[in-house]
Amino acid sequence: MRKLALKDEYLLLAEKPARYIGNEINSIQKDKETTAIRMALCFPDVYEIGMSHLGIQILYDMLNSWEDVWCERVYSPWVDMDRIMREASIPLFALESQDPIREFDFLGITIQYELCYTNILQILDLSGIPYYARERSDADPIVIGGGPCTYNPEPIADFFDLFYIGEGETRYRELLDCYLENRKQGGSRDEFLLAAARIPGIYVPRFYRTEYYPDGTVSAMKPLAEGIPARIRKELVDDVSHTCYPLKPVVPFIKTTQDRVTLELQRGCIRGCRFCQAGYLYRPVRERDVDVLKKYAITMLENTGYEEISLSSLSSSDYSGLAELIDFLITECKSQHTNISLPSLRIDAFSLDVMSKVQDVKKSSLTFAPEAGSQRLRNIINKGLTEEMILEGAATAFEAGWSRVKLYFMLGLPSETEADISGIGELANRIAAVYYETVPKEKRNGKVQIIASTSFFIPKPFTPFQWAPQATKEAFLDKAYLTRKSISSQLNQKSIKYNWHETDSSVLECVLARGDRRLAPAILEVYRKGCIFDAWSEHYRHDVWMETFKENDVDISFYTTRERADDEIFPWDFIDCGISKEYLRKEWHKARSAAQASSESEQLVTPNCREQCQGCGAASFRTGICVLDKNI
Amino acid sequence: MKVRIKFSKTGVMKFIGHLDMMRYFQKAIRRAKIDIAYSGGFSPHQIMSFAAPLGVGLTSLGEYFDIELRTAMDEEAIKERLNQVMAEGVAILETTALADTAGNAMASVAAAAYEVTFAEGTVLPDGWTGQLTAFLDQPQIPYHKLTSKVSRMLDLKPLLYDSKVTEEKVYLLVNASSADNIKPIFVMKAFFESIGVTISEHSLYICRMETYGLNGDKFVPLSALTE
Ligand code: SF4
């Protein structure tokens, strides 16, 4: 029987002891004496969130498929356990072996959102690993960062030994072999890191120096060692149908956020919405073969016993094998009593038909993400969803029995006016009106329910809006107020509910997303003041962040509300995600002239990759949609 | 076809709560490809009934649940298949076919036997075994039951059916029915209070040894209550 790192009494004091014991079905036990490399993969948030992440499952599966590696998992201890571990001086441990993280060769941390930065420090702290990479010794694990936030790793660069930029499937073997070779030679930590810095996709921050102009903007990013690249190009899988996939994912005992089998249809997105970072980072679109997916689905359901399967992708409606795959799943799943959970599909006759087959129409809701209230602004952000499409989709859905609609918008988009904001209430109202027009009284099941939600726009690196200023916190509040007013002045206002997301953390997210290396001391300071779980509104302490920025002479407006000049060098420009800066700038200019246009018909929108290639730069990867014959 | 399944829950599995154990078995049954029957409706669920829930922190060698099969299957095969897909710490001990007339696992529970042992290093007062035997032999065993707000005085005696005290362990057979059950920890707490000793709950290990139903006026393991 395995021995746990935590005594019974500590586990019984914790809210959910199952977070800390491991032993889940399909988790991997190996003999540490006979595995050359021990790796701990970490999602720096609570177990239920971390366990739901597909990326870690893929890497866990791949790394453990190698005989000389034992890969384990670790998540952020929740605040109750955090306190217990500190008081009792229990070092952070990995779930499988229950051994301290500090004994491992590698600690790989996936960085999915900016608001987890203090949790990364919590992980290091509880493990007894020095915060700053430079202060670590050969006795400490090599700390690796991966995931979307590493496309601008600079605010946390000092805390990592290296970053792996891009998709994890491609370079880990090389990296680990390099590590083994260095160990055999008796090489030091620095020697390993230097060798690693020469592997494609690997960024070792200590070998680069950022220089600044007097105005605070970046003047240069310089490699400090021989033979390492000035720019780090993202890694990507050429053929997503023939790569590893976790066919035996770990099955948690407790309910997690994604408590089901996840089938990843494709990587990337053809659409090019100008605010969407994922839409640019993961280009080009690469579809997984539909027969491969069918096989995966069956095998994974058998290996886990899950009662639900969900399809995942940035825009599932664009997956060319969708109809075939769903048909297959419906037939297969019906007989096995397996539920199918559909991602948000574009609402049209096809998706409504599918949805009515797999869910209870009366209980489920339709989701639209117009993102902006007016066609004018939707054109500016290149969101190819028109009011006509929404109203038509809603009418068809109402006829088929739906009566709940969710609408998602962003406030504070570039060039937004009061009229654009009023458009939110007007659009919601028109949808409600469509309901009362299409559904006769006797068939109505109460009132139509429309839920409009707004979040605040955060300009992100590697999008055309990376040059754009973010609205101020005060402006955000005004905009939310205007939205509410526009909704309450509608005829059908009683059918419309309005929710909005916190303003404060949107400001912080913007600072961290477009920040540079000068932020690191402030982030550490905030952590030292006791902040963790910033992504959880009940734990988020905005005042501590702002006060600490001030104490560290960080002017947040430099990162948030400042408009960038066209030729500004960004802290993340040394990363090459495949999309040329020129292309992004062209899109930014297009958006700006669309904002000046006197009518919608004069606004230029950008067609998607399937309609017409725009030469964004991703074709240099020579794969996916960029090399498909578009005339077929 | 109805089948009663007896399993043990030991080791780290004691930290998995009752509801999560139910979810665990739902998935295990699918992994084992056992053709279980489902209820009707828009979200069908497996037809499965658990006996007495076991608190987090307790281990057990006598847990039960019943399932209904869509196609009949050899009981031994069920046991074997399930054992192939168990997590460490859960083992299927027995599978028995139930007559259609048999009551379900939960309704059948009348009593449960527990064994209490002590964590290494626990210091117990000299002569505690004699004191405990005397305590359990009293005509009444008063216990202050603290629920969220009110404190209720409870007499444990009528719910305690049998006991045996040795230096190493304490055996207790208590009512475990859904109407009137008591927890073994109540008995131990009441005893230590009565002799003025404070002992942390965490130094007691409690293992449920068996779950019983009534056959006439005799306690029999649920696995023997198949008619
Ligand atoms: S190169 Fe063309 S097809 Fe490829 S991702 Fe860019 S725009 Fe799309």
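Brief remarks on what is shown
- Taking label points 7 Å from Cα along the Cα-to-Cβ direction, A:LYS529 and A:SER219 give a separation of 3.2 nm.
- Cross-link partners of A:LYS485 among lysines (Cα-Cα below 20 Å; sequence separation of 8 or more within a chain): A:LYS406, A:LYS473, A:LYS494, A:LYS497
- C-alpha center-to-center spacing [the range A:421-445, the range A:583-632] in angstrom: 34 Å
- Summarising the amide proton neighbourhood of A:ILE109: residues at separation of 5 or more, or on other chains, whose placed amide H is nearer than 5 Å comprise A:CYS42, A:ILE144, A:GLY145, A:GLY146.
- Viscosity 1.567 mPa s, temperature 4 °C, Stokes-Einstein D of the range B:111-223 from Kirkwood C-alpha radius, µm²/s: 87 µm²/s
- In this structure, the pairs whose alpha-carbon distance is over 27 Å, taken from A:LYS357/B:LYS2; A:LYS7/B:LYS183; A:LYS255/A:LYS447; A:LYS357/A:LYS383, are A:LYS357/B:LYS2; A:LYS255/A:LYS447; A:LYS357/A:LYS383.
- Crossing angle, helix A:387-399 versus chain A [Cα axis fit, 0-90 degrees, rounded to tens]: 80 degrees
- Computed from point charges on the beta carbon alone (+1 for Lys and Arg, -1 for Asp and Glu), the dipole magnitude for the range A:73-219 about its Cα centre is near 200 Debye.
- When peptides A:441-447, A:234-240 are ranked by their average number of other Cβ atoms within 10 Å per residue, the highest-first order is A:234-240, A:441-447.
- Label-to-label distance for A:ASP291 and B:LYS169 is 5.8 nm, based on points extended 7 Å past Cα in the beta-carbon direction.
- Scanning residues 5 or more positions from B:LEU204 or on other chains, those with amide H under 5 Å from its amide H are B:ALA119, with H placed 1.01 Å from N in the peptide plane.
- Computed over the protein assembly as shown, the Cα gyration tensor eigenvalues convert (square root of 5λ each) into semi-axes of 52, 35, 27 Å, ordered from largest to smallest.
- Gyration tensor verdict on the range A:60-159 (Cα atoms; rounded if a/c is under 1.5, prolate if a/b is larger than b/c, oblate otherwise): rounded
- Taking the charge dipole of the range B:2-107 about its Cα centre, with +1 at Lys and Arg Cβ atoms and -1 at Asp and Glu Cβ atoms, the residue from B:MET86, B:GLY62, B:GLY103 reaching farthest to the positive side is B:MET86.
- Partner shielding of A:18-25 amounts to 5, given as the average count of beta-carbon atoms from other chains within 10 Å of each residue beta-carbon.
- Dividing the mean sequence gap of close Cα pairs (under 8 Å, 6+ apart) by how many residues the range A:300-420 holds gives a relative contact order of 25 percent.
- When the square roots of the Cα gyration tensor eigenvalues are ordered a ≥ b ≥ c, the ratio a/c for the range A:91-228 is 1.5 or more and a/b does not exceed b/c, which makes its shape oblate.
- Net charge contributed by nearby residues that have their C-beta within less than 11 Å of A:TYR60 (K/R +1, D/E -1): -1
- Near A:SER364, once Lys and Arg are set to +1 and Asp and Glu to -1 for all other residues with Cβ below 15 Å from its Cβ, the sum equals +2.
- The residues packed around A:GLU114, meaning those with a beta-carbon under 13 Å from its beta-carbon, carry a net charge of -2 if Lys and Arg are +1 and Asp and Glu are -1.
- GNM flexibility winner over chain B from B:LEU204, B:LEU214, B:LEU146 (Cα, springs under 10 Å): B:LEU146
- Cross-link partners of A:LYS248 among lysines, defined as those whose alpha carbon lies under 17 angstrom from its own and excluding same-chain residues fewer than eight positions apart: A:LYS30, A:LYS294, A:LYS295, B:LYS27, B:LYS33.
- Per-residue average of Cβ from other chains inside 10 Å of A:5-16: 3
- The range A:305-373 and the range A:60-125 have Cα centres lying 35 Å from one another.
- In Hz, Karplus ³J(HN,Hα) per residue of the range B:206-212 (6.51, -1.76, 1.60; θ = phi - 60°; x = Gly, Pro): 10, 10, 7, 8, 6, 10, 10
- Under-5 Å amide H pairs with A:ILE575, H placed in peptide plane, nonlocal only: A:ILE232
- Per residue, chain A reaches -10000 deg cm²/dmol at 222 nm when only DSSP H runs of four or more residues are counted, each adding -39500 (n - 2.57).
- In order through the range A:80-96: 3J(HN,Hα) via Karplus (6.51 cos²θ - 1.76 cosθ + 1.60), integer Hz, x for Gly, Pro: 5, 6, 4, 5, 4, 5, 5, 4, 9, 6, 9, x, 4, 10, 8, 5, 5
- Across peptide A:252-265, the average count of Cβ atoms from other chains found within 10 Å of a residue's Cβ is 2.
- Average Cα contact separation per residue, the range B:2-107, under 8 Å, 6 or more apart, as relative contact order %: 47 percent
- Cα-based shape type of the range A:575-628, given that a ≥ b ≥ c are square roots of the gyration tensor eigenvalues and the cut on a/c is 1.5: oblate
- Calculated from backbone phi, Karplus (6.51, -1.76, 1.60) coupling profile of the range A:33-41 in Hz, x at Gly/Pro: 6, 10, 9, 6, 10, 10, 10, 10, 9
- Expressed to the nearest 5 percent, the antiparallel share of DSSP beta bridges inside the protein assembly as shown is 55 percent.
- Separation of the range B:115-149 and the range A:208-236, taken as the distance between their Cα centroids, equals 70 angstrom.
- Relative to the longest principal axis of the Cα atoms of chain A, the long axis of helix A:172-184 lies at roughly 10 degrees.
- Cβ-Cβ FRET estimate between A:GLN29 and A:LYS7, R0 fixed at 25 Å, reported to 0.05: 0.70
- Working note: 222 nm ellipticity from helices only, DSSP H runs with n ≥ 4, each -39,500 (n - 2.57), summed and divided by the residues of chain B, gives -6500 deg cm²/dmol to the nearest 500.
- 0 to 90° range, to nearest 10: angle between helix A:473-488 axis and chain A longest Cα axis: 30 degrees
- DSSP-assigned coil residues among GluC sites (Glu not before Pro) in the range B:152-215, each with at most 13 further Cβ atoms within 10 Å: B:GLU167, B:GLU168
Each value in this text was obtained by applying a stated rule to the coordinates, not by laboratory testing. Just so it is clear, the model here is predicted, and its values are computed rather than measured. Note: ideal-geometry Cβ built from the backbone for every residue, glycine included; neighbour counts use all protein chains shown.
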